[in-house]
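A short worksheet on the structure shown next.
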Amino acid sequence: GAAAERDVTTLEWSRDGSVLATGGMDGVARIWNKQGELKHTLAAHTESIFSLHFNCTGELLLTGSYDNSAIAWDLATGTPKHQFEVHSAQVLDVDWKDATTFASCSTDKSIKVCSLTEEVQPIQSFLGHKDEVNAIKWDPSGNILASCSDDTTAKLWALGQPKCLHDLREHGKEIYTIRWSPT
């Protein structure tokens with residue numbers, strides 16, 4: 001019903017804790033203050049949002065959607081800065097490398113790295129997973145990207161390197177989430 005279409009699928013606090021971003025089945029991201037007041041409604045996706053992250057400056061929010069796209073939102077205005085349509089299937093996760101560069105992964109088995117400062121997108125594609133890529137995470141230095149997949153592997157990647165640096169194959173089932181240890 002209507003309530004299910006508004007289900008929250010993902011959420012994240014801004015680094016300074018001043019606002020909370022939520023994404024939902026309705027394809028809309030919402031920005032809330034600590035008093036619970038809705039500050040922005042970010043509506044440009046046509047399908048559910050399953051991933052969102054603030055960049056390091058807190059000026060942008062990145063959303064990944066089942067509409068095969070990622071959108072970088074300007075939080076000062078609540079408007080899309082750029083919509084990245086680089087996948088052929090649903091975007092499952094997004095993660096910022098730095099203030100303007102990010103990675104996205106998809107059920108199309110690929111990882112794409114895009115930049116708000118480059119004309120041609122993506123700036124690099126990482127191919128090597130044999131099934132959908134469920135989650136990605138840049139290491140704290142922003143140099144190595146970890147990915148995990150339904151193909152039961154986790155892989156480590158670096159910009160400028162065409163193949164994965166390491167192929168971690170000790171899992172016997174699908175891997176759904178990945179994290180780096182804090183530095």
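The values are calculated or read from the model by the stated rules, or taken from the named source; none is laboratory data. If you're wondering where the values come from, they're calculated on a predicted model, not measured in any experiment. Cβ sites come from the backbone with ideal geometry, for glycine too, and all protein chains shown count toward neighbours. Each accessible area value is taken on the protein alone, full model and side chains, heavy atoms only, with ligands, DNA and RNA left out. Shrake-Rupley method; radii C 1.70, N 1.55, O 1.52, S 1.80 Å.
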Self-check item: Accessible surface of the chain, 1.4 Å probe, proportion on carbon and sulfur as whole %
Solution: 49 percent
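Per-residue ellipticity at 222 nm for the chain, helices alone: DSSP H runs ≥ 4 residues times -39500 (n - 2.57), over residue total, nearest 500 deg cm²/dmol?
Working: 1 runs with 4 residues, N = 183.
My calculation for the chain gives -500 deg cm²/dmol from helical runs alone.
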Exercise. Rank 160, 129, 106 by how far each Cα sits towards the positive end of the charge dipole of the chain (+1 on Lys, Arg Cβ; -1 on Asp, Glu Cβ) and give me just the farthest.
Key: 160
Quiz item: Give me the Kirkwood hydrodynamic radius of the chain in Å, from all C-alpha pairs, to one decimal place?
Solution: 16.5 Å
Quiz item: So what's the gap between the Cα centers of region 98-128 and region 1-60, to the nearest angstrom?
Solution: 22 Å
Quiz item: Over region 59-183, what is the relative contact order in whole percent, taking alpha-carbon pairs under 8 Å and six or more residues apart?
Solution: 16 percent
Quiz item: Rounded to the nearest 20 Debye, what is the dipole magnitude of the chain about its Cα centre when Lys and Arg each give +1 and Asp and Glu each give -1 at the C-beta?
Solution: 360 debye
Quiz item: By a straight-distance test (C-alpha under 16 Å), which lysines pair with residue 81 as possible cross-link partners, with residues fewer than eight away in the same chain excluded?
Solution: none
Quiz item: Among 41, 64, 117, which residue has its Cα positioned farthest towards the positive end of the charge dipole of the chain, with +1 placed on the Cβ of Lys and Arg, -1 on the Cβ of Asp and Glu, and the dipole taken about the Cα centre?
Solution: 117
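Step through the table entries 34/109; 34/137; 39/130; 39/173; 34/112; 39/155, compare each Cα-Cα distance with 29 Å, and write down the pairs that go over it.
Details: 34/109 37 Å; 34/137 27 Å; 39/130 41 Å; 39/173 41 Å; 34/112 33 Å; 39/155 38 Å.
Flagged as over cut-off: 34/109; 39/130; 39/173; 34/112; 39/155.
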Quiz prompt | Alpha-carbon gyration tensor eigenvalues x 5, square-rooted, for region 99-183, Å | solution = 21, 15, 11
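At a temperature of 4 °C and a viscosity of 1.567 mPa s, determine how fast region 66-118 diffuses translationally according to Stokes-Einstein, using the Kirkwood radius over alpha-carbon pairs as Rh; express D in µm²/s, rounded to the nearest whole number. Spell out each step's value before the answer.
Numbers: Rh = 11.3 Å.
The estimated diffusion coefficient comes to 114 µm²/s.
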Quiz prompt | Phi to ³J(HN,Hα) by Karplus 6.51 cos²θ - 1.76 cosθ + 1.60 over region 165-170, Hz, x for Gly, Pro | solution = 6, 9, 10, 8, 10, 8
Quiz item: For residue 141, what charge total do you get from the other residues with a beta carbon under 11 Å from its beta carbon, if Lys and Arg give +1 and Asp and Glu give -1?
Solution: -1
Quiz item: Which percentage, to the nearest 5, of the DSSP beta bridges contained in the chain is antiparallel?
Solution: 100 percent
Quiz item: With charges only on Cβ, +1 for K and R and -1 for D and E, what is the dipole size of region 34-110 about its Cα centre, in debye, rounded to 20?
Solution: 140 debye
